[in-house]
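One structure is given here, and the rest of the page talks about it.
The values are calculated or read from the model by the stated rules, or taken from the named source; none is laboratory data. Here the structure is a predicted model, which is why all the values come from computation and not from measurement. Counting neighbours? That spans all protein chains shown, and the Cβs are built from the backbone with ideal geometry, glycine included. Please note that ligands, DNA and RNA were not included when accessible areas were found on the heavy atoms of the full protein model with its side chains. Shrake-Rupley method; radii C 1.70, N 1.55, O 1.52, S 1.80 Å.
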Amino acid sequence: MKSQVRVRRLTQSALLAAIALTIFVVEAQIPLPLPIPGLKLGLSNVVTLFALKKLGKKHALGIVLVRIVLGNLILGQVMAMLYAFGGGLLSFAVMALLCGRFPLKQLWVVGAFGGIAHNLGQTAVALLVTQTPALLVYLPVLLLCGILTGAFTGLCAGLLCARSEKK
């Protein structure tokens, strides 16, 4: 019986990783009319938050790692993988810490903190790689965008989790 549960969780993780990867690749093709390059909505984080709530930290981390590695390889952005790891792993860590502390209806708060952490992580990597402190001028706009997009993805994940419980 225990092996059936393991196989079920692994299968769910693989499906969610495929969904997150697809969202990541499609979203990369949609240019946003904003003055900061590389700014995205982070819609694949809906899958991350959903996985955190439904499958746990270990499986959700696997999904994040698959999305970052394969997504950047598919897009041919190997250097961007460094930034994605900085933002994605810090965001995951923050969301994993907060996920159990907030009820499902407040998952948007977890998403907002995840968005902030993602932008802080990417900015830290950019500062280390480029040695250009002037990049910090973008930080206020990045943090505001992180709050808004993170709250949106958290709201979507909360609705998805609530919907999955009704079935």
Here is a list of conditions, (1) in a helix (DSSP H, G or I); (2) open to solvent by 30 Å² or more (accessible area, probe 1.4 Å), and Leu43 meets all of them except one; can you say which number that is?
(1)
Looking at the range 12-28, is at least one residue open to solvent by 60 Å² or more (accessible area, probe 1.4 Å) and either basic (Lys, Arg) or touching a helix residue (DSSP H, G or I) at 6+ places or on another chain (Cβ under 7 Å) (or both)?
yes
Find the residue count for the range 7-31, including only residues that are hydroxyl-bearing (Ser, Thr, Tyr) and in contact with a Phe, Trp or Tyr (Cβ under 8 Å, 6 or more places away or on another chain).
0
Expected output for the range 23-37 (first residue assigned to a loop (DSSP other than H, G, I, E, B), partner surrounded by 10 or more Cβ atoms within 10 Å (Cβ to Cβ), Cβ below 8 Å, 6+ apart or cross-chain) is Leu32/Leu39; Leu32/Lys40; Leu32/Leu41; Leu34/Cys145; Ile36/Tyr138; Ile36/Val141; Ile36/Leu142; Ile36/Cys145
Identify the single condition in (1) modelled with pLDDT of 95 or more; (2) within 11 Å of the chain's Cα centre (by Cα); (3) within 24 Å of Pro103 (Cβ to Cβ); (4) not charged (D, E, K, R) that His59 does not satisfy, given that it satisfies every other one.
(2)
Tally up the residues in the range 95-134 that are open to solvent by 50 Å² or more (accessible area, probe 1.4 Å), within 9 Å of Gly154 (Cβ to Cβ) and touching a Phe, Trp or Tyr at 6+ places or on another chain (Cβ under 8 Å), please.
1
